[in-house]
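Working notes for the structure below.
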Amino acid sequence: MARKFFVGGNWKCNGTVEEVKKIVTTLSEAEVPSEDVVEVVISPPFVFLPLVKTLLRRDFSIAAQNCWVRKGGAFTGEVSAEMLVNLGIPWVILGHSERRLLLNESNDFVADKVSYALSQGLKVIACVGETLEQRESGSAMAVVAAQTKAIAEQVMHWSNFVLAYEPVWAIGTGKVATPAQAQEVHFELRKWLHVNVGAEVAASTRIIYGGSVNGANCKELAAQPDVDGFLVGGASLKPEFIDIIKSATVKTTAKSE
Ligand code: PEP
């Protein structure tokens, strides 16, 4: 089954109303491949979701950067999946390493969030990835497999699910994984899905790479057979995000050759 290239832009905790309007205008004016070729999902901070939803071009979609693990209620400071659905936000990013590491979100907690978000009809971008210490000790694959296992056990709608491999040592560091390093982990993750979930899910689930992707390195990464797109942090706030979206054509060119 063909996997449509997916490009997510994670704005993290950045932006002012003026900056948001400027970025959205840049995106609106850009010529990018059609929706048949690439799915683009922009993820602003919660407070800017309604503004971005109003201004964003209709062929791009929106994700929240997190949501609460259960139904809303007495959970000060949290935003529930129901609220995102009510606002018409289709996607949510869950399990980002910044939340796992800074806010101590465990594999089980992330998995519970994935389960609840999917049950409410949200589509989920779930993040996994190893630290530098884990990579250097040779446990990278064991770590991402354990993170993926916890999540996979909760996924009931695989078509509403994208897996993001984001090595922690590559996030915001300018130290991108080599295309071979990314391909190796993506291949292993797809194999893990094949063995533990099934052939169809493994063939159809998009596994995207995140970690210092930019306009200069995106094409080579996109050319890897098991890299189905990107989750982009820093560069998603800059005009080079357009080049990253355009790297989707690497797949169509490869197919037609
Ligand atoms: C991210 O935060 O998901 C990310 C990949 O960040 P960056 O592109 O800045 O490394």
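Values in this text are rule-based calculations from the coordinates and carry no lab data. In this text the structure is predicted, and so the values were computed from the model without any measurement. Here Cβ is always computed from backbone atoms with ideal geometry, including for glycine, and neighbour counts include all displayed protein chains.
Of note:
- Taking every C-alpha pair closer than 8 Å and separated by at least 6 residues, the mean separation divided by the residue count of the chain gives a relative contact order of 22 percent.
- Restricting region 30-87 to GluC sites (Glu not before Pro) in coil, as DSSP defines it, with at most 15 other Cβ within 10 Å: Glu31, Glu35, Glu78
- Working note: Karplus 6.51/-1.76/1.60 with θ = phi - 60° gives region 96-103 the couplings 4, 4, 5, 7, 4, 8, 7, 10 Hz, where Gly and Pro are set to x.
- Too-long pairs where the Cα-Cα distance tops 19 Å, listed order kept, from Lys22/Lys238; Lys219/Lys251; Lys113/Lys149; Lys53/Lys123; Lys4/Lys175: Lys4/Lys175
- Spin-label pair Leu102/Glu220, simplified geometry with 7 Å Cα→Cβ offset, distance in nm: 3.0 nm
- Based on alpha carbons, the Rg and Dmax found for region 132-257 are 14.6, 41 Å.
- Normalised alpha carbon radius of gyration of region 197-246 [divisor 2.2 N^0.38 Å]: 1.26
- By the count of neighbouring beta-carbon atoms within 10 Å, fewest first, Asp59, Asp226 end up ordered Asp59, Asp226.
- Candidate aspartates and glutamates for bridging to Lys246, where Cα separation is under 16 Å - those fewer than 8 sequence places away on the same chain excluded: Glu29, Glu31, Glu35, Asp36, Glu39, Asp59, Glu220, Asp228
- Ranked His186, His157, criterion: other C-beta atoms within 10 Å, fewest first: His157, His186
- Share of Cα-Cα pairs in the chain lying beyond 26 Å, as whole percent: 35 percent
- Arranged from fewest to most other beta-carbon atoms within 10 Å of their beta carbon, Val195, Val37 become Val195, Val37.
- Of the chymotrypsin sites (Phe, Trp or Tyr not before Pro) found in region 73-149, those that fall in a DSSP loop while having at most 15 other beta-carbon atoms within 10 Å are Phe75.
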